[in-house]
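Heads up, the thing below is written out as structure tokens.
The values are calculated or read from the model by the stated rules, or taken from the named source; none is laboratory data. Just so you know, these numbers come straight off a predicted model, no measurement behind them. Positions of Cβ are generated from backbone atoms using ideal geometry, with glycine treated the same way; all protein chains shown enter the neighbour counts.
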Amino acid sequence: MNAVGVAQLLWLLVAALGLALSVSYAGIPMLGQSAFLAVGGYGVLLLGPGGAGLPLGIAAGLAVLLAAAAGYLTALGTARLDGGYLALATWALAWLAYRVPTAFADLFGGAEGITRPAPARLVSRTLGIQLTLTDRITLWLAAGACLLTVAALYRLGRGPAMLDLAGLRESPWLAASLGVPVAARRRAVLTATAALGGVSGAGSAVLVGVISPADISPLLSLELLAAVLVGGARWWGPALGIGVLAVLPAGAFALAGPADLTGGPWRAVLTALVLLAAVTARELLGRRDAGWKRVRRRDTGRAPAPLPAPPALPSRSGVRLELAHASVAYAGVTALDDVSLTLTGGQVHALVGPNGSGKSTLLEVLAGGLDAGTVRLGDRPQRAGSVPARVRAGVVRTPQQPIVLTGLSPARQVALGARGGRTWPQAVLRQLFGTPRSRLQAAELDAAVAATLAGLGLSELADQDPARLTTGQRQLVQVARAVATGAPVLLFDEPAAGMAAAERTLLAGVLRRLAADGAAVLIVEHDLRLVSAVADQVTVLDAGRVLAAGEPAVVHADPAVRQALLGTS
């Protein structure tokens, strides 16, 4: 293979690395990378010396910016789509980019495409540069772009900033419940993916000197996806995948000869087989996390460490959360009927009631997912509709059923909670350049994770396979994720479900310690013995209304409460 052929593969590798950021790191099923290559390729030739007459370097930069803008607009347009719907939407984008040049032949050259003047030159009178881009120089440019992209992914993958993307990949709902602004992260990831696609398309167009619809067909998107899936979620994975794809044309040519066909159909068949093999292998071997590696720490046998409260969140001391007159109805069925509730720092408040009484709906209102009543945290009213915003204000909720994040160890799950969606662009830039502050923040996060795990007796499980945890251990990990946020208001939805007796005793101690630390703790629980052991206040819901509220002994002695909970007075 000559220098031009190697450079073409390297430019494709840049596009594959960008796609890996979306697919492998963030779990976004993107099938439109060829569209962003088209924006970069057509953009640089239309804006460059043979088109609008801009210098080649400026034309390439503008083409990449156009590709990034296209990625951002794609993220906005598909904000409400997920899974297969998102994949189909981006696949349609790839087909659109493939058909537009033919539909507007006067501008894009139709099926023949457009060419640049030969030879390509980088000229800057200000910097005193006048460089002819020979095959060897373009090879070095492609290699440099690859090395920079690989280095960036490698550095980001080893730091905590990528935890937000890991949460987005594993469970967007859970990531949002821990404070990660899911929509904003998706926009950032798709913009970066599109920008790298634009770099790839511009580099290839300058290298070859021509771009046509055949160069940016939807098949290219499938091939890039196959390259990402073959390599897996590692910074070097796309390089392995591109190496596999490099042999596809030769294989297609070998199969086309005996069949008396062109190589195009056989190339598509081989791509489909590679995709099928890659997906099957991922399912059989399981997902391997591609992120920050935590140093293993063992429990020393000492007393539980204090549960940390990161300074970026409000102090747990003296917090007060008030809900007034909340009413919620679903299709005419009343879930909450004029419910008011006050949570006070330093107390454990238990919310009990029969199934269907509205407990989970009330938690959703407090966590910001539903707009009902008036919610105030301290003296500040809280807007509804954004769970991450409520988390940043200091209110965190756990899900009712344990969410098993199979791709994240317990330590990394707790680290995701400790990060809590904090400032991302700055963290990414610091991590890219390895600043002292980024190293300090990573060390602080590691220490906070270790302290939280030790406080819940989970140190030995820090690097355990999440799929092997018992139900009780999964519940404790959920509690640890919420505690690690440092939020002063903690809402636990049936945290003791599935726990053994020893785990319930440990949980009770954790709840009391959190209250002693000044947190306002609310637990939804059916185990009345646990409620009696830990609760300072109890509120009983029945059919969406508050049946009783007060101290546990008083509430439990109420005949109406005993009738609602136990079926006997």
Exclusive hit being in contact with a helix residue (DSSP H, G or I) (Cβ under 8 Å, 6 or more places away or on another chain), closer than 25 Å to GLY368 by Cβ and assigned by TED's automatic domain parsing to the domain that holds VAL333, set ALA535, ALA520, ALA548, ALA508 | ALA535
Which numbered condition trips up LEU65, out of (1) surrounded by 19 or more Cβ atoms within 10 Å (Cβ to Cβ); (2) within 26 Å of ALA151 (Cα to Cα)?
-> (1)
The range 21-53, subset among the polar types (S, T, N, Q) and closer than 30 Å to LEU408 by Cα, residue modelled with the highest pLDDT = GLN33
State yes or no: is ALA411 over 23 Å from GLY157 (Cα atoms) and modelled with pLDDT of 90 or more?
-> no
Going by the conditions given, is VAL561 of a type in the set (Val, Ile, Thr) and surrounded by 19 or more Cβ atoms within 10 Å (Cβ to Cβ)?
-> yes
Which ones in the range 353-367 are at pLDDT below 90 and in contact with a helix residue (DSSP H, G or I) (Cβ under 9 Å, 6 or more places away or on another chain)?
-> GLY353, PRO354, SER357
Selection from the range 200-219 of residues that are under 16 Å from LEU122 (Cβ atoms) and either assigned to a helix (DSSP H, G or I) or not assigned by TED's automatic domain parsing to the domain that holds GLN33 (or both) | ALA202, GLY203, ALA205, VAL206, LEU207
Pick out the one residue from ALA462, ALA427, ALA447, ALA442 that is touching a Phe, Trp or Tyr at 6+ places or on another chain (Cβ under 9 Å) and at negative phi.
-> ALA442
Quick one: is ALA192 assigned to a helix (DSSP H, G or I) and either modelled with pLDDT under 90 or buried (at least 21 other Cβ atoms within 10 Å of the Cβ) (or both)?
-> no
Can you name the residue in the range 64-109 that is assigned to a loop (DSSP other than H, G, I, E, B) and more than 29 Å from the chain's Cα centre (by Cα) and, of all such residues, is nearest to GLY203 (Cα to Cα)?
-> GLY109
Can you name the strands (runs of 3 or more DSSP E) wholly within the range 473-569 that have at least 1 residues being under 19 Å from VAL396 (Cα atoms)?
-> 489-493, 520-524
